[in-house]
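A.B. asks: This is the structure I have questions about; it appears just below.
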Amino acid sequence: MELYTPLSTGSGYWNPLMWLIATILTLIIAYIIWVRGEKNYKRGTEQTKPFISGNPEPPKGVVHIRAGNLYWGFIDALDRYYRYLIPLHTGIMTDYLLWIFGITAGLLVVLVVV
Amino acid sequence: MITDFVIKNAPILVVAIPLIGAFLCPLVGRISPMWRKTWVLGIVTVTSLIAILLASMVLTHGAITYVFGASTSDLTVPIDSGGIPVRIIFTVDAMSAFMEVITALVGFSVILYSMVADKERSNLEQYYTLFLLLICSVMGMVTTGDLFNFFVFIEISSMASAGLVAYRVEKGRAIEAAIKYFMVSTIAAIFFLFAIAILYGQYNALNIAMLAERLQFTLLDKIALILIVMALATKCGAVPMHFWTPDAYTLAPSSVTAMLVVTSQASLYGLFRFVFTLYHLHLNYVMIGWFLIIIGVLSMVIGVTMAIPQKDVKRLMAYHAISQTGYMLLGVGVGLAVLGDSTQLTRFGIIAMEGGIFHIINHAMYKGLLFLTAGAIIFRIGSRDMNRMGGLGHSMKYTMIFFIIGALSIAGIPPFNGFASKLLIYESVYLFNPFLAIIAMVVSILTLASFVKVFHSIFMGPPLPEYSNVKEAPLPMLIGMGILALGILLFGLFPQTVIDTLVHPATAALLNQSSYVNAVIGGV
C-alpha cells in the first residue's frame, strides 16, 4: 500500500507534499539570506521610522490606505460594466421575485420550443 | 445495547436529536445559561458523531434505508401496499453521507464559536432553538428519500434561517433582510411544492426511488423539472436568483452565516439529487447541463466582480459565496451535459463532477472559516466597514492566520483544499470547453485580488489608535476557526484520500441511479 497518493486529475497529477517541501526549502533559503543581512538594524530606534523626504510622519490613522481606495483603477476601468451591474442589485424584494419568475417563464418557453 | 440502537436508528437520530434538542432548549435554558450551553453543545456533538458514524456505515456497507412505522427499518415496500413504498423512507447513500459529514463538521465548529461570539446577546434560548432546527432541517434534507419530506425540511430551514437572520435586528435592517430571504425561500418552496403535486398527480408516489422508476418524462414532468431546478437554484443563491444572499449573509450573525452556507449547499445537494437520481437520462441532460453551466459561470463572474467594490466585509464574502457556488454548478453541470455520452463522461465528465462535489465540502470549510474570522473581527471592533479597519494583524494574530488560510484556499492557492478541487474543475472543464476553464481561472485570480484587498484593509498597516485596546478573539472562537482551518489544510494536503473516501463514492451514487432505486424498491 502506498503511503501517499498524489491527486489524480485525469490529465495529470498534483502532489501537495512536494509543493510543501519546495516551499519549506525556499523559506529556509530566504531565511539564510535574511540573517546574512544588515547587522546594525535595531527595532524601535530611529532606524525603523519612515523617511518621507524629511517631512514629519503623519498620524498612523492617516497613512493606512483604506478599502475604499483600493482597486479604484479596476473599478474605474470597468465603469460601463458596473454602471449596469450595480443598479440591478436594487435591494427591492419584488425585483428579486421578478428575476425568479422571469427566468422560470423563460425556461418554460424554451422547454416547450425544444 | 445503546450502540445497537444508535447504529440501527442512525438515519432518524441525526434529525430527531437536534429537533428534540431544539424544542427542549428553552426549558433547559430556564435552569441556567451554563445548562443551556452544555445542552446545545451536547446535542450538536452527539448529532455530529452520529452523522459521522452514519456516513462511515454508508461508505463501508452501501446505501441505508430507514422506514418509518415499519416492523423492521429496512422494510421499504409493505407486502400489502401493491408494490408502492407508502411509508416515509429515509435513504442515505454516499452523496447523503458526504453532506452529513459537511453538516457535522461545520455545525460543531460553528456552535462552539457561537458559544462565545453570541454570549452577550439576549433571548439565546430562542436563538439556539432556531440554530438546532436549522441543523435538523439540513440533516433532514440530505437524508430523506421522500419528495414531500424534502419540502417540509426546506420550509423548516427557511423559517429557522429567517429567524436567525433577523435575530440581531440592526435597526430593522436585519429584519428586512430576513423578510426578503423568507419571501424568496417561500416562493422557491411553492415552486417545489407545485412540482411535487405534478409528479404525485401522475405517478401516485412521493418516494424519489419510486418516482425515478416510473418517470415517463412527459411535458408535465418537464415542467416539474424546471420548477424543481428553479426552486433549488434560488435556494442555493445562483445568479440571477442570488439577490437575497448578500442581504441575508451580511446581516445574520457570523456563526449563522457560516451555517447558512451549509444550508445553501443542502439545496445544491437537492438540485443534484433530483437531476441525477430522479430524472437521470430521462431529462434533456444537455439542456439542463448547459443551464447549470450558464448559471454557474454567471454566478462565478457576477459574484466575484460584485465582491471587489464592496466595503462591508461580510457583504464582500457573501458575493464570494455566490461566486464559489458557480464552480460547483460548472463542474457538476459539465458532468450532466455529457451524462449520455459514456466516452466523454469517462474522459472528463466524472472528474468534473468530482471537482464540483469536492468543492462543496471545501467551500463549506473555507467559507465557514472566512465568515467566522469576519465575525471575530466584528466581535472585537463592532464594525463590518472595512474603511474603518486597519492594523488588526498586530493584535489579532491567530485570527489573521486563519483568515490567510481561508483566503488562500478560496482563491485556489496551493496547497490548500480550494486548489485541489479547482484543479480538477479546470482540467476537466478545459477538455469540455477551454473557454469555460479560462473563465474559471480568471475568476480565481479576481478572488485572490479581492481577498488581498480585504487582508490589506483589515490586518495590514500600522496599529490604529482607535483599536489600541483590541485583543485577540476568545479561545472557543479560535478553536472553532482552528477546526475548520485544520480541515482545510488536511484536505489540501491529502486530496486524493478525501476523493477516494468521500467524493468518488458520492459522485458514483449520483451517477448510479439504479443502485439508489434498488436500495429502496428492492427492499420488499
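A.B. asks: Which members of the range A:92-114 meet the condition of being in contact with a Pro (Cβ under 9 Å, 6 or more places away or on another chain) and either at the interface with another protein chain (Cβ under 8 Å from one of its Cβ atoms) or open to solvent by 50 Å² or more (accessible area, probe 1.4 Å) (or both)?
C.D. replies: A:Trp99, A:Ile100, A:Ile103
A.B. asks: For B:Thr245, state whether it is β-branched (Val, Ile, Thr), within 26 Å of B:Ala22 (Cα to Cα) and open to solvent by less than 10 Å² (accessible area, probe 1.4 Å).
C.D. replies: yes
A.B. asks: Could you check how many residues of the range B:332-391 are surrounded by fewer than 23 Cβ atoms within 10 Å (Cβ to Cβ), acidic (Asp, Glu) and within 14 Å of chain A (Cβ to nearest Cβ)?
C.D. replies: Residues meeting the conditions: 1.
A.B. asks: Among B:Ser109, B:Ser114, B:Ser71, which is closer than 28 Å to B:Thr277 by Cβ, among the small types (Gly, Ala, Ser) and out of contact with any strand residue (DSSP E or B) (no Cβ under 9 Å at 6 or more places or on another chain)?
C.D. replies: One residue alone meets the criteria, B:Ser71.
A.B. asks: Looking only at the range B:480-501, how many residues end up being within 8 Å of chain A (Cβ to nearest Cβ) and not small (Gly, Ala, Ser)?
C.D. replies: Counting residues in the range B:480-501 that are within 8 Å of chain A (Cβ to nearest Cβ) and not small (Gly, Ala, Ser) gives 7.
A.B. asks: Now, a different point. Across the range B:337-353, what is the number of residues that are touching a Gly at 6+ places or on another chain (Cβ under 8 Å) and in a helix (DSSP H, G or I)?
C.D. replies: Qualifying residue count, the range B:337-353: 9.
A.B. asks: If you take the residues in the range A:1-13 that are open to solvent by 40 Å² or more (accessible area, probe 1.4 Å) and either facing chain B (nearest Cβ under 8 Å) or at pLDDT below 90 (or both), which one is farthest from B:Phe494 (Cα to Cα)?
C.D. replies: A:Ser11
A.B. asks: Have a look at B:Thr91, B:Thr143, B:Thr76, B:Thr103 and point out the one that is within 30 Å of B:Trp35 (Cβ to Cβ), of a type in the set (Val, Ile, Thr), in contact with a strand residue (DSSP E or B) (Cβ under 9 Å, 6 or more places away or on another chain) and open to solvent by less than 10 Å² (accessible area, probe 1.4 Å).
C.D. replies: The match here is B:Thr143.
A.B. asks: In addition: Considering each of B:Ala407, B:Ala437 in turn, give the residue that is of a type outside the set (S, T, N, Q), free of Cβ contacts under 8 Å to residues at least 24 places away in the same chain, assigned to a helix (DSSP H, G or I) and more than 10 Å from chain A (Cβ to nearest Cβ).
C.D. replies: Of B:Ala407, B:Ala437, the one residue that is of a type outside the set (S, T, N, Q), free of Cβ contacts under 8 Å to residues at least 24 places away in the same chain, assigned to a helix (DSSP H, G or I) and more than 10 Å from chain A (Cβ to nearest Cβ) is B:Ala437.
Residues checked against (1) modelled with pLDDT of 90 or more; (2) more than 18 Å from B:Thr234 (Cβ to Cβ):
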position: A:His64; (1), (2): no, yes
position: A:Asp76; (1), (2): yes, yes
position: A:Arg83; (1), (2): yes, yes
position: A:Leu88; (1), (2): yes, no
position: A:Gly91; (1), (2): yes, no
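A.B. asks: Got at least one residue in the range B:384-391 being modelled with pLDDT under 95 and in contact with a Phe, Trp or Tyr (Cβ under 6 Å, 6 or more places away or on another chain)?
C.D. replies: The answer is no, given that none of the residues of the range B:384-391 is modelled with pLDDT under 95 and in contact with a Phe, Trp or Tyr (Cβ under 6 Å, 6 or more places away or on another chain).
A.B. asks: If B:Val86 meets every condition in (1) in contact with a Lys or Arg (Cβ under 6 Å, 6 or more places away or on another chain); (2) open to solvent by 10 Å² or more (accessible area, probe 1.4 Å); (3) of a type in the set (Val, Ile, Thr) apart from one, which number is that one?
C.D. replies: Condition not satisfied by B:Val86: (1).
A.B. asks: Return the only residue of B:Leu130, B:Leu134, B:Leu105 being over 13 Å from the mean Cα position of the chain (by Cα) and outside any loop (DSSP other than H, G, I, E, B).
C.D. replies: Checking each option against the conditions leaves just B:Leu130.
A.B. asks: On to the next question. Can you tell me which residue among A:Tyr41, A:Tyr31 is open to solvent by 100 Å² or more (accessible area, probe 1.4 Å), at pLDDT 85 or above and more than 9 Å from chain B (Cβ to nearest Cβ)?
C.D. replies: Criteria check complete, one pass: A:Tyr31.
A.B. asks: Between B:Ile458, B:Ile499, which is closer than 19 Å to A:Pro16 by Cα, open to solvent by less than 20 Å² (accessible area, probe 1.4 Å) and of a type in the set (A, V, I, L, M)?
C.D. replies: B:Ile499
A.B. asks: Can you work out which of the residues in the range B:364-404 that are assigned to a helix (DSSP H, G or I) and of a type in the set (Lys, Arg) is nearest to B:Met99 (Cα to Cα)?
C.D. replies: That would be B:Lys367.
A.B. asks: Right, something else. Listed residues B:Ala209, B:Ala195; which is modelled with pLDDT under 95 and either of a type in the set (Lys, Arg) or within 30 Å of B:Asp74 (Cβ to Cβ) (or both)?
C.D. replies: B:Ala209
A.B. asks: Of the residues B:Gly482, B:Gly492, B:Gly487, which single one is touching a residue at least 24 places away in the same chain (Cβ under 8 Å), touching a Pro at 6+ places or on another chain (Cβ under 7 Å), at negative phi and not acidic (Asp, Glu)?
C.D. replies: Only one candidate passes the filter, namely B:Gly492.
A.B. asks: Here's something else I'd like to know. For the range B:440-473, which positions are more than 12 Å from chain A (Cβ to nearest Cβ), of a type outside the set (A, V, I, L, M) and assigned to a helix (DSSP H, G or I)?
C.D. replies: Matches in the range B:440-473: B:Ser444, B:Thr447.
A.B. asks: Going through the range B:502-521 one residue at a time, which ones are open to solvent by 20 Å² or more (accessible area, probe 1.4 Å), of a type in the set (Gly, Ala, Ser) and in contact (Cβ under 8 Å) with a residue 24 or more places away in the chain?
C.D. replies: B:Ala508, B:Ser515, B:Ala519
A.B. asks: Scan the helices (runs of 4 or more DSSP H) fully inside the range B:176-283 and keep the ones with 1 or more residues being within 11 Å of another protein chain (Cβ to nearest Cβ) and within 24 Å of B:Arg384 (Cβ to Cβ).
C.D. replies: Helices (runs of 4 or more DSSP H) meeting the threshold: B:244-251.
A.B. asks: In this structure, does B:Gly172 turn out to be without any contact (Cβ under 8 Å) to a residue 60 or more places away in the chain and either of a type in the set (Lys, Arg) or within 14 Å of chain A (Cβ to nearest Cβ) (or both)?
C.D. replies: Yes.
A.B. asks: Which residues, counting only those in the range B:392-406, are buried (at least 18 other Cβ atoms within 10 Å of the Cβ) and touching a Leu at 6+ places or on another chain (Cβ under 9 Å)?
C.D. replies: Correct list: B:Leu392, B:Thr399, B:Met400, B:Phe402, B:Phe403, B:Ile405, B:Gly406.
A.B. asks: If you go through the range B:422-432 one residue at a time, do you hit one that is under 22 Å from the mean Cα position of the chain (by Cα) and of a type in the set (D, E, K, R)?
C.D. replies: The answer is yes; a qualifying residue exists.
A.B. asks: May I ask you to list the residues in the range B:296-315 that are under 19 Å from the mean Cα position of the chain (by Cα) and within 12 Å of chain A (Cβ to nearest Cβ)?
C.D. replies: B:Gly303, B:Arg315
The values are calculated or read from the model by the stated rules, or taken from the named source; none is laboratory data. Computed from a prediction, not measured in an experiment: that's the story for all the values here. Reconstructed Cβ throughout: ideal geometry from the backbone, glycine too, with neighbour counts over all protein chains shown. Please note that ligands, DNA and RNA were not included when accessible areas were found on the heavy atoms of the full protein model with its side chains. Shrake-Rupley method; radii C 1.70, N 1.55, O 1.52, S 1.80 Å.
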